[in-house]
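Read-outs: derived from the displayed coordinates by stated rules, not from any lab. Here the structure is a predicted model, which is why all the values come from computation and not from measurement. With ideal geometry, Cβ positions are generated from the backbone for all residues, glycine too; neighbour counts draw on all protein chains shown.
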Amino acid sequence: MSRQELIGPQGLRQDGRRANELRKIKCKPSVLSQADGSAYIEQGNTKCLAAVYGPRETRQKAQLIHNKANINVEISLAPFSMPQERKKRSKSDRRLLEIASAVKQTFEPIIMTSLFARSQIDIYLQILQFDGGTIQICINAATLALIDAGIPMQEYVCACSAGCHENHTLLDLNNAEEMADTPELTVALLPMSGKLTLLQMDSRLHVDKLEPVMNLAALGCKEIYQTLDETVREYVKDLFQKSSPY
Amino acid sequence: MVKNSLAFEAETFRKIQPQEYLRRFIQGNIRPDGRSLSQFRPTTVNQSCITTTNGSSMVRIGNTTVVCGIKAEVATPKFNSPLEGYLVPNIDLSPICSPKFKPGPPGELAQVLSENLNNLLKSASVLDLTSLCIKEGIAVWVLYIDLVCVNYDGNIYDASVIGMITALTNVKLPEATFEESSGLVKATEELSVTLKLQRIPYSVTVALFDGQHLLVDPTEVEESITSEQITIVFDEVGQLCSIWKIGGLPSSPEHLKQCMNIARERYKQISMIVKSSI
């Protein structure tokens, strides 16, 4: 692929954003009636649905942990979600398993699992439309769904990706930017304490560039946190008004 | 006298005696969710919602939600039908939509539904498959119709049929031509070709409770305590496309007649809902 102009002379990217601008986020909690907690998030053109079931009885005795809850994450990509060919990615596809494992390990220390010994918390993520940023949208959707399910957590977990292209640090890469050979870094942050829970990068990045890219991603996480928190507060306010007798 | 009464809360009663619970409601001609026996849940349809597809739709009947996406690919036609393309429907019932589905390969219900959808497309001749031909004997379009259920609250079949048909109506394909010299199929960037459906079938599912009460559009709870379901499919000119009632208690021809009338009425409702969703 030829070296594309990811960022034009006016500082605008292919989709019209600036270098440090997030994609438009739309999120809604409690969208599914059968799940204990659910959420729907859109980040730009990537759409993800999360459902949380739990805490409930462990399905397999082998997964039972005597002093805390077992967290199980499953990610599935709808066959029509990829922009090119239809890809029937089986659930045991290695890339999906890797992302699911990353999400599980991210949430394990955050969810207060010691409150629910011998039980299981299932997080199911369904990606309906893909335009880059799988890990970040999965983590954000899972956070919102866990809050909706009422599962106690220490903090929100917000994730964001960032990259570097010709001296510009870009925030929140879409599929075209991910494919264009730019180094991509995904960061998951605990916004209130400022601590990092996940850091993933798979390409070559100069050590000097690491800090600015990481800082930009952290800023993106904080912005996403603002949006998620606002959504949750509005939703709860709405529920409270509806259930109040006055 | 000491009265020994066991007073249960409604919710407890529902869990212990689900059939008796439903019976009490039906005696008052109403169902637990407030609907009458012949009332459908609010139905909404969203078209062209997934941009990575050639055609898509999202259907909600009450809480049951199905997302349908169609992707088109090129393939070689079958040897004995060199002019025909393929329609491949498949529904995915995964643990995300309900706690009753376990993770793993598609279970019985998913496979039965996929097969039923396939039969409907074939037997009702919904699309003239020769319209999917690019070059006789060499290249045809294959339309993969993938349905993902995201919330399962009963009557998944009706939702899937509406989803599948509306997604087919908004499919946009590129113009494809077969180049003799290179042996490749070239397609335009622009998606301008739409499909002309020959028939537009919609289905109605009715559950039969206690051998006598017809519960239209059953919820998951109602489905689990009735063992009989009748599904009737009509098309746009009022012709019957298919009926099935598999197993369960025998039901009278009267019930079938009632179901057919209900199905005819509902067809008009669904048509209007779909028209207003474009």
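Taking 7 Å steps out from each Cα toward its Cβ at B:Thr130 and B:Gln111 produces label points 3.6 nm apart. Helix-only arithmetic for the protein assembly as shown: the sum of -39500 (n - 2.57) across DSSP H runs with n ≥ 4, divided by the residue total, places the mean residue ellipticity at 222 nm at -9000 deg cm²/dmol.
Which of A:Leu185, A:Cys164, A:Thr106 sits closest to the plus end of the dipole of the stretch A:49-199, meaning its Cα is farthest towards the positive end, when Lys and Arg get +1 and Asp and Glu get -1 on the C-beta? Farthest along the dipole direction, towards plus: A:Thr106. Computed over the protein assembly as shown, the P(r) curve from all C-alpha pair distances, binned at 20 Å from the origin, holds 20, 49, 28, 4, 0 percent per bin. Positive-end ranking of A:Leu173, A:Ser33, A:Ile123 along the dipole of the protein assembly as shown, with charges on Cβ about the Cα centre, is headed by A:Ser33. Neighbours of A:Leu64, meaning other residues whose beta-carbon lies under 15 angstrom from its beta-carbon, give a summed charge of +3 when Lys and Arg score +1 and Asp and Glu score -1.
Here the spin labels are modelled as points 7 Å beyond Cα on the Cα-Cβ line, and at B:Thr76 and A:Asp181 they lie 3.6 nm apart.
Taking the Cα centre of chain B as origin and assigning +1 to Lys and Arg Cβ atoms and -1 to Asp and Glu Cβ atoms, the resulting dipole is close to 720 debye. Quotient of the Cα radius of gyration of the stretch B:6-116 and 2.2 N^0.38 Å, N being its number of residues: 1.58.
With the convex hull drawn over the C-alpha atoms of chain B, the volume per residue is 157 Å³. Just the Cα atoms of the stretch A:153-240, one point each, no solvent: what log10 I(q)/I(0) does Debye give at q = 0.26 Å⁻¹? Here log10 of I(q) over I(0) equals -1.24.
Quick one: check the C-alpha center-to-center distance for the stretch B:144-212 versus the stretch A:181-239, whole angstrom. Centre-to-centre distance over Cα atoms comes out at 38 Å.
Distance between the pseudo-spin-label points of A:Ile65 and A:Asn167 (7 Å out from Cα toward the beta carbon): 4.8 nm. For the stretch B:69-140, chymotrypsin sites (Phe, Trp or Tyr not before Pro) meeting the loop criterion (DSSP other than H, G, I, E, B) and having at most 16 other Cβ atoms within 10 Å: B:Phe79. Give me the net charge for the shell around A:Arg18: Cβ to Cβ below 14 angstrom, other residues only, Lys and Arg +1, Asp and Glu -1. That sum, taken over residues with Cβ under 14 Å, equals -1. When each of A:Lys242, A:Lys88 is scored by the number of other beta-carbon atoms lying within 10 Å, the sequence from fewest to most is A:Lys242, A:Lys88. Note on the stretch B:40-82: the C-alpha convex hull projects to 4.8 nm² when averaged across all orientations.
Using θ = phi - 60° in the Karplus curve 6.51 cos²θ - 1.76 cosθ + 1.60, the 3J(HN,Hα) couplings for the stretch A:99-114 round to 5, 4, 5, 4, 5, 4, 5, 5, 7, 4, x, 8, 6, 7, 5, 5 Hz; x is entered for Gly and Pro. Ellipsoid fit via the Cα gyration tensor, the stretch A:1-92: semi-axes of 37, 18, 14 Å, each the root of five times an eigenvalue, largest first.
Among B:Ala139, B:Ser98, A:Cys48, which residue has its Cα furthest toward the positive end of the charge dipole of the protein assembly as shown, with +1 on Lys/Arg Cβ and -1 on Asp/Glu Cβ? Of the listed residues, the answer is B:Ser98. Rg over Rh for the stretch B:101-214 works out to 1.08, using Cα positions for both radii and the Kirkwood form for Rh. For the stretch A:141-246, the list of GluC sites (Glu not before Pro) that fall in a loop by DSSP and count at most 12 other C-beta atoms within 10 angstrom reads A:Glu166. The convex hull defined by the C-alpha atoms of chain A has an orientation-averaged projected area of 15.5 nm².
Here the stretch A:23-62 is scanned for amide nitrogen atoms under 20 Å from the site 7 Å beyond the Cα of A:Gln241 along Cα-to-Cβ, giving A:27-31.
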